[in-house]
Amino acid sequence: MKKQRFIDFAVILAVTVLFSILVCFVDVAAIGPAGTKVGFSHINGFFRDMIPLNMVLYRVTNLLGYLALLVCCGFAFMGGMQLLQGKSLKKVDRNIIAVGVLYVIVIALYLLFEKVAINYRPVIMPNETAPEASFPSTHAMLATTVFGSAPWVMNRYLKDAKIRKIFTAVCWVLGLATVVLRFFSGVHWFTDIVAGFLISVTLLSGFKIVLGMIRPKKKA
C-alpha cells in the first residue's frame, strides 16, 4: 500500500511537471489581450470564446478563497492552543504540524505564481491597464489543497460518523465549486485551471503519504 502511494505520487508529479512544460512550448500563439502569448492556444481560445467574463462568479470564488485561508487559520489556531497547553512542540498533534507545513507550501506557491508570469489572463480585469499573471489558477490550487486535506485531519477529531461524512462532503463541494466557478468566471485560460488542479492533487498525494507515516499517539 505504501509503495503504491509513492508510485501514485511520482506519476502525478510527473504529469504535473510535464503538463506545465508543454503549456510553455506547445501551440503557443499571441491570442491574449495586448498580444500576450499562451500555449495550447487552440483549446484555450475555444473556451475563452465560449466563456465571457463574469465578475459575480469571480467575486464568489474570491470569497471561497478567503474561506480556504480561514480554514488554514483554524488549524493554526488549533496547533497554537496545543503548543500553549503542552508548552512543547512535541505536544502538538503531528497531523496538525503536517497540515500546517502543507498550507505553508501551498501559500508559498500561491505567492510565487502571483509574481511569476508564465501565462497572462485571457482578459484585462476592470480597473487594470494590463493583463495579470494567471498560470496556474492559484485559487483552484489553494481551494483543492485546503478543502481536500482538511477532512483527513479534522475527521480524526470528530467522533460522530455522520458529522464526519457531512464535513467531508461540504469540504469537497467547496473545493469543487471553487474550481468550476473559477473556470466559468472567465478570468483564466482552461490550462490555468487544469494546472492549478494538478498541482493541488500532487500536493495532496504527497500529504497522504506523510499522514500514513504518522503513527497515532498511544493513550496514557
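The values are calculated or read from the model by the stated rules, or taken from the named source; none is laboratory data. It should be emphasised that the depicted structure is a prediction, and the values quoted were computed from it without experimental measurement. No Cβ is skipped: glycine too gets one built from the backbone with ideal geometry, and neighbour counts run over all protein chains shown.
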* **Exclusive hit being surrounded by 18 or more Cβ atoms within 10 Å (Cβ to Cβ), within 23 Å of Val101 (Cβ to Cβ) and touching a Leu at 6+ places or on another chain (Cβ under 7 Å), set Thr16, Thr61** => Thr16
* To do: Could you list, in sequence order, all residues of region 175-196 that are over 16 Å from Arg121 (Cβ atoms) and either free of Cβ contacts under 8 Å to residues at least 40 places away in the same chain or crowded, with 21+ Cβ neighbours inside 10 Å (or both)?
  => Gly175, Leu176, Thr178, Val179, Val180
* To do: Return yes when Asn119 is farther than 27 Å from Phe47 by Cα and of a type in the set (S, T, N, Q) and no when it is not.
  => no
* Within region 30-44, is even one residue closer than 24 Å to Gly175 by Cβ, under 19 Å from the mean Cα position of the chain (by Cα) and not acidic (Asp, Glu)? -> no
* Asked: Taking into account only those residues within region 87-136 that are modelled with pLDDT of 90 or more and in contact with a Leu (Cβ under 7 Å, 6 or more places away or on another chain), which is nearest to Val194 (Cα to Cα)?
  -> Val106
* Residues (within 19 Å of Leu203 (Cβ to Cβ), among the aliphatic types (A, V, I, L, M) and without any contact (Cβ under 8 Å) to a residue 40 or more places away in the chain) located in region 71-100 -> Ala76, Ile97
* When region 75-110 is examined, which residues are found to be closer than 24 Å to Leu142 by Cβ, of a type in the set (Gly, Ala, Ser) and loosely packed, with under 12 Cβ neighbours inside 10 Å? -> Ala108
* Being assigned to a helix (DSSP H, G or I), in contact (Cβ under 8 Å) with a residue 24 or more places away in the chain, surrounded by fewer than 18 Cβ atoms within 10 Å (Cβ to Cβ) and of a type in the set (S, T, N, Q), is that true of even one residue in region 42-58? -> no
* To do: Please give the number of the condition Leu70 fails out of (1) of a type in the set (A, V, I, L, M, F, W, C); (2) closer than 20 Å to Val180 by Cα; (3) part of a helix (DSSP H, G or I).
  => (2)
* For region 119-136, how many residues are touching a residue at least 60 places away in the same chain (Cβ under 8 Å) and either charged (D, E, K, R) or touching a strand residue (DSSP E or B) at 6+ places or on another chain (Cβ under 7 Å) (or both)? -> 4
